[in-house]
Amino acid sequence: IKWNFFDVNLGVRNDVWYFPTNISQSPMIDPAYCTEHRWTDYISAFLDGSVNTFNDGYFPTRGVRANISYSWLFGGFPSHDFSNIHRAMIHVKGASSIGNVFTFLPSLDMGLVHGKEIPFVYGNYIGGSFRGRYVSSQIPFIGLNGLASLKPFYTVLRTDYRFRLAPNHYLTGMVNYARDCTIAEEFFSQKLGY
């Protein structure tokens, strides 16, 4: 369903993943995993909802973009032994301007993946400048050029400070912070000092 600013998707998805032999050279991936799971086929049910009120697709000066998604991975081929895997993610980014020169762009990403054995492609990852470049759950993180693994529960905060120098020229400063833990209770107890 698609409206002017809202988009909702509900359905069943079939993801097929193939690992080439050279991917096992990455420090992120266990070579035994690539041998055992050279190709995989996962079936999941999903619900995605998003809102986008940005006034510009590339350089917004006002508005909000938010996305919330949930997926339930319940099947896999060929014969993978795993329990049900649940994934929930939230992304919110805002834009607010002061005059025609300065724009403040804060953003928040939170995610949780729960299951007994999480396949590599459904883990939590940060790094790079683009969302979902290597795997769909990858969150951009300035300062990490590659892919870094996160624990099952994570929060990533980021603020961009954009200055307009000329009609088509901008200068942007970025600050980001990430926190992850094994379970949500551990995250909140450390942060609040319980």
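The values are calculated or read from the model by the stated rules, or taken from the named source; none is laboratory data. What you see is a predicted model, and the numbers here were worked out from it, not measured in a lab. Glycine gets a Cβ as well: all are built from the backbone with ideal geometry, and neighbour counts include every protein chain shown. Heads up: the accessible areas ignore ligands, DNA and RNA and are worked out on the full protein's heavy atoms, side chains in. Shrake-Rupley method; radii C 1.70, N 1.55, O 1.52, S 1.80 Å.
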Local net charge near N55, Cβ-Cβ under 15 Å (Lys/Arg +1, Asp/Glu -1) = +4
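Test of the criteria: in region 123-160, which chymotrypsin sites (Phe, Trp or Tyr not before Pro) are in a DSSP loop and have at most 10 other Cβ atoms within 10 angstrom of their Cβ?
Values: sites: Y125, F130, Y134, F141, F153, Y154; in loops: F130, Y134.
Answer by residue number: F130.
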Accessible area per residue, Å², region 47-146 with all protein chains present, probe 1.4 Å | 55
